[in-house]
Amino acid sequence: MKVYTKTGDRGTTSLIGGARVPKFHIRVEAYGTVDELISHIGLIRSQKIDLHIIETLHQIQIKLMDIAAIMASDGKAKKLQQVTDNDIKMIESEIDRYDAELEPLKYFVLPGGHNIPAFCHIARCVCRRAERIILRVNEETPVPENVLMYMNRLSDYLFILARKLHKDLEIREVFWITDN
């Protein structure tokens with residue numbers, strides 16, 4: 001299979017199902033941003049971190065590929081993998097597990113201090129952007145509710161993961177504290 005097809009040379013691309021749309025179409029923006037998130041998570045996964053976290057991030061990448069396919073579908077595609085309640089529960093379980101290890105937050109966290117938690121914060125921001133774009137798609141064509149829930153939980157997971165990694169790396173978190 002060739003990497004280049006030349007079918008997009010005039011600014012259009014095919015959705016799963018066959019419809020051709022401009023490359024700036026909201027669905028292309030959605031799955032492209034999810035793809036960007038998958039790459040950022042791959043960057044986190046490639047660091048020297050706990051093997052359980054690496055495996056969890058791998059499972060998240062697989063689920064995000066499913067979400068990208070849902071976003072890339074014109075509705076005429078064959079059955080696609082869906083986001084299940086168990087997928088959401090897995091994320092929630094990881095959040096609860098790590099949150100129980102951490103000091104309660106009193107202030108906003110300023111990303112930085114070490115590359116690995118900073119990568120998590122970048123991924124969290126990309127996740128929030130993907131979520132916003134998926135919500136725009138949902139305004140035009142209904143998106144499965146579990147996709148919306150998963151993306152929302154995933155950004156929370158990436159935030160708590162950054163905090164956990166700060167703790168694991170024994171690096172002090174920096175907080176936004178104002179004089180007000």
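Only the coordinates and a few stated rules stand behind these numbers; no lab work does. The shown structure was predicted, so the numbers you read here are calculated from the model rather than taken from an experiment. Quick reminder, even Gly has a Cβ in these numbers, built from the backbone with ideal geometry, and neighbours come from all protein chains shown.
A few comments on the model shown:
- Sequence of 131, 55 once ranked by neighbouring C-beta atoms within 10 Å, starting from the fewest: 55, 131
- Projecting the Cα atoms of 56, 88, 34 onto the dipole axis of region 1-116, where Lys and Arg carry +1 and Asp and Glu carry -1 at the beta carbon, places 34 farthest toward the positive end.
- Listed residue pairs exceeding 21 Å between alpha carbons, taken from 2/76; 106/167; 48/167: 2/76
- Shape box of region 48-180 [Cα atoms, principal axes, largest first, Å]: 52, 38, 23
- Gain upon complete extension [residue 156, residue 24; 0.36 nm per residue less C-alpha separation]: 44.7 nm
- Measuring r between the beta carbons of residue 136 and residue 35 and using R0 = 22 Å, the FRET efficiency lands at 0.85.
- Membrane-span-like helices of the chain, defined as complete DSSP H segments with a Cα extent of 24 Å or more along the helix axis and a mean Kyte hydropathy of at least -0.5, are identified as 26-45, 51-71, 115-140, 145-168.
- Label positions at residue 175 and residue 148, each projected 7 Å from the Cα along the C-beta direction, are separated by 3.4 nm.
- Candidate lysines for bridging to residue 79, where Cα separation is under 25 Å - those fewer than 8 sequence places away on the same chain excluded: 23, 63, 89
- Sorted fewest first by neighbouring Cβ atoms within 10 angstrom, 177, 116, 134 come out as 177, 116, 134.
- Span from the region 124-180 Cα centroid across to the region 1-65 one, whole angstrom: 18 Å
- Relative contact order (%) - region 53-180, alpha-carbon pairs under 8 angstrom, separation at least six: 35 percent
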